[in-house]
Amino acid sequence: SAIFSTFLIFSVVGLATFILNIIRDREFGALVNHSFRKNLKANILVSLLNSVGVVLTNQALNYSLVAYASSIKRLQVLWTIILSGKILEEKQIRRRLLSAIIMFMGILLSIIWK
């Protein structure tokens, strides 16, 4: 099923990345453990929201035209830019937002012109 394969891919990539970082830097494991315990509620919330997003994306791809669902999935970039500016206080948000709006307009054109 799509949900199982997505879970498997995310798990394998995440575990492989974690193991490679531990091999590269011996203090990485202790640092991650401390950070994870310190921010436990936020980590659980992010994991839960990411999981819901993946499941809903897979369901959208299953029940709609793939081209439309895939295009709408690209709107994640817009939300990422907006939230990174608000929460992480990143710089050059206007330039990134303009790029995302141009991309969004291209998505609208592809939907309108079928």
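The values are calculated or read from the model by the stated rules, or taken from the named source; none is laboratory data. No experiment lies behind these values; they were computed from the predicted model shown. Ligands, DNA and RNA are stripped out before the accessible areas are found, and what is left, the full protein with its side chains, is counted by its heavy atoms. Shrake-Rupley method; radii C 1.70, N 1.55, O 1.52, S 1.80 Å.
Miscellaneous remarks
- The set of residues from segment 67-87 being modelled with pLDDT under 75 and either over 20 Å from Ile111 (Cα atoms) or open to solvent by less than 90 Å² (accessible area, probe 1.4 Å) (or both) comprises Ala67, Tyr68, Ala69, Ser70, Ser71, Lys73, Leu75.
- Selection from segment 89-114 of residues that are of a type in the set (Val, Ile, Thr) and closer than 14 Å to Leu75 by Cα: Ile101, Ile102, Ile107, Ile111
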